[in-house]
Amino acid sequence: MRIPAGWPATEEQALAVQDELRGGVVLDETGPPPGTGHVTGVDVAYDDARDIVVAAAVVLDAATLGTVAEATAVGRVSFPYVPGLLAFREIPTVLAALEALPCAPGLVVCDGYGLAHPRRFGLASHLGVLTGLPAIGVAKNPFTFTHDDPGPARGSSSPLLAGTEEVGRALRTRDGVKPVYVSVGHRVSIDNACAHTLALTSGYRLPESTRRADALCRRALKEAQV
């Protein structure tokens, strides 16, 4: 797929789009209960030499974590690398992968951020607003934010802070293992986002949805023809 017509090409244009869409984030819904319906992981992989990005979407049965469906899409990198604007590099291809799924995605789990973002509009929020789907971000690092170390036991958490504002949670998904960083994207509460994350991490630090989407997009990148 090619870069969509009218897609932002400059930092100024991208910031204006974020400002326009940010008001559409819904924060007063709890979201689907953990262990019900579908949960879909999305992730991307890049080949800078060929200027392409591959997105994968993997739908899991939330109760069993069995794979229900999967899809990939290949596109051109749609925006330069600018911290805080990474969603503009990924969203066209991620949307194409989601649209290629044969079933409803349910909750979307992004390998990144939602409200835990300098302008409170990371990938999970951006994707949620564009699709209307409930979405959360589960990231590997705290970005620019601070937190106290959660307790050592699985399920322990501490607020992820921008000054005194809570923008997410540092959540321990494995006993004694580095936490992940959970933030609301769209139409999900932070408590529910953490509960979903724990339901998806019975065996590993990262959500099973993210692990499978990561593996799929890496395989698809090796096979991609452009």
Cβ charges +1 (Lys, Arg) and -1 (Asp, Glu), total dipole of the stretch 25-223, debye | 320
Tell me, how many Å apart are the Cα centres for the stretch 105-168 and for the stretch 37-103?
-> 18
Quick one: what are the phi-derived ³J(HN,Hα) couplings along the stretch 60-77, Karplus 6.51/-1.76/1.60 with θ = phi - 60°, whole Hz, x for glycine and proline?
-> 10, 6, 5, 7, 10, 6, x, 6, 9, 6, 8, 8, 10, 8, 10, x, 7, 4
Rounded to the nearest whole number, the Stokes-Einstein translational diffusion coefficient of the stretch 25-223 at 20 °C and 1.002 mPa s (Kirkwood radius, C-alpha pairs) in µm²/s is 130
Using DSSP, restrict attention to beta bridges with both residues in the stretch 24-168 and report what percent are antiparallel, rounded to the nearest 5.
-> 75
With the dipole of the stretch 25-223 defined by +1 on each Lys or Arg Cβ and -1 on each Asp or Glu Cβ, the option from ALA49, LEU60, PRO92 whose Cα lies farthest towards the positive pole is ALA49
Packing-based ranking, highest mean first, of 124-130, 48-54 given that Cβ atoms within 10 Å are counted | 124-130, 48-54
Shape call for the stretch 7-121 from the C-alpha gyration tensor, a ≥ b ≥ c root eigenvalues: rounded (a/c under 1.5), prolate (a/b greater than b/c) or oblate?
-> oblate
Efficiency by 1/(1 + (r/R0)^6): what FRET value for ASP148 and ARG219, r their Cβ-Cβ distance, R0 = 45 Å, to the nearest 0.05?
-> 0.70
Set of the stretch 133-161 residues, backbone N closer than 19 Å to the point 7 Å along the Cα-Cβ line of SER189 = 134-137, 155-160
Expected unfolding gain across ARG205-ALA63 under the 0.36 nm per residue rule, minus the alpha-carbon gap, is 49.3 nm
Pull out the extension gain between ASP175 and ASP51, defined as 0.36 nm times the separation in residues minus the alpha carbon to alpha carbon distance; nm, one decimal.
-> 40.7 nm
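Taken together, the values in this text are just the output of simple stated rules run on the coordinates, not laboratory data. Small disclaimer: the values here were computed from a predicted structure and weren't measured. Backbone-built Cβ (ideal geometry, glycine too); neighbour counts: all protein chains shown.
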